[in-house]
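Engineer: Pasting a structure here, questions to come.
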Amino acid sequence: MLGAVRDGGIEFDDAELLAEWRGRHNGIVNTEHLRDGVREFLDDAVARGLPMAVASSATRDWLDVHLERVGVRGLFAAVCARDNGTVKPAPTSTWRHSTRSVSAPGTRSPSRTRRTV
């Protein structure tokens with residue numbers, strides 16, 4: 001899309017556009033909170049001993065900041081970001097990485113150590 005704008009004779013700085021977008025995006029995202037019932041759901045899973053992981057196409061730093069901000073980072077045995085493999089439209093490697101990072105109930109006891117993968 002940016003190439004099409006340039007081809008049309010419109011000049012702009014990609015870094016400036018990205019910085020403006022990121023500022024607007026962060027302004028919105030930083031006001032978000034957990035939806036009703038999410039914390040209770042996660043706490044229940046922890047109480048039952050269910051290992052949990054996050055698999056996301058977001059960047060590692062973004063995930064860490066926002067999971068900490070809403071107070072749930074410590075609930076996940078692993079957080080797998082775009083750094084761990086292919087993302088959209090076929091995020092199979094990131095998903096596989098996250099499932100390998102936690103065990104299925106009954107197969108072995110999950111590590112309570114927070115993993116950053």
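The values are calculated or read from the model by the stated rules, or taken from the named source; none is laboratory data. Please read these numbers as outputs of a predicted model, since none were measured by experiment. Don't worry about glycine lacking a Cβ; one is built from the backbone with ideal geometry, like all the others, and counts go over all protein chains shown.
Engineer: Which is charged (D, E, K, R), modelled with pLDDT of 90 or more, surrounded by fewer than 11 Cβ atoms within 10 Å (Cβ to Cβ) and more than 19 Å from the chain's Cα centre (by Cα), of 40, 16?
Structural biologist: 40
Engineer: Follow-up question, since we're still on this one. May I ask you to list the residues in segment 17-46 that are more than 20 Å from residue 62 (Cα to Cα) and of a type in the set (Asp, Glu)?
Structural biologist: 36, 40, 43, 44
Engineer: Return yes or no: is residue 95 surrounded by 14 or more Cβ atoms within 10 Å (Cβ to Cβ), part of a helix (DSSP H, G or I) and at pLDDT below 85?
Structural biologist: Considered against the rule, which asks whether it is surrounded by 14 or more Cβ atoms within 10 Å (Cβ to Cβ), part of a helix (DSSP H, G or I) and at pLDDT below 85, residue 95 comes out as yes.
Engineer: Additional query: Could you please let me know if residue 60 is surrounded by 11 or more Cβ atoms within 10 Å (Cβ to Cβ), on the phi < 0 side of the Ramachandran plot and modelled with pLDDT of 90 or more?
Structural biologist: When the stated conditions are applied, residue 60 does not pass them.
Engineer: Let me ask another. Which pairs have Cβ atoms under 6 Å, sit 6 or more apart or on different chains, and link a residue in segment 19-40 that is within 18 Å of residue 68 (Cβ to Cβ) to one that is at pLDDT 90 or above?
Structural biologist: 34/70
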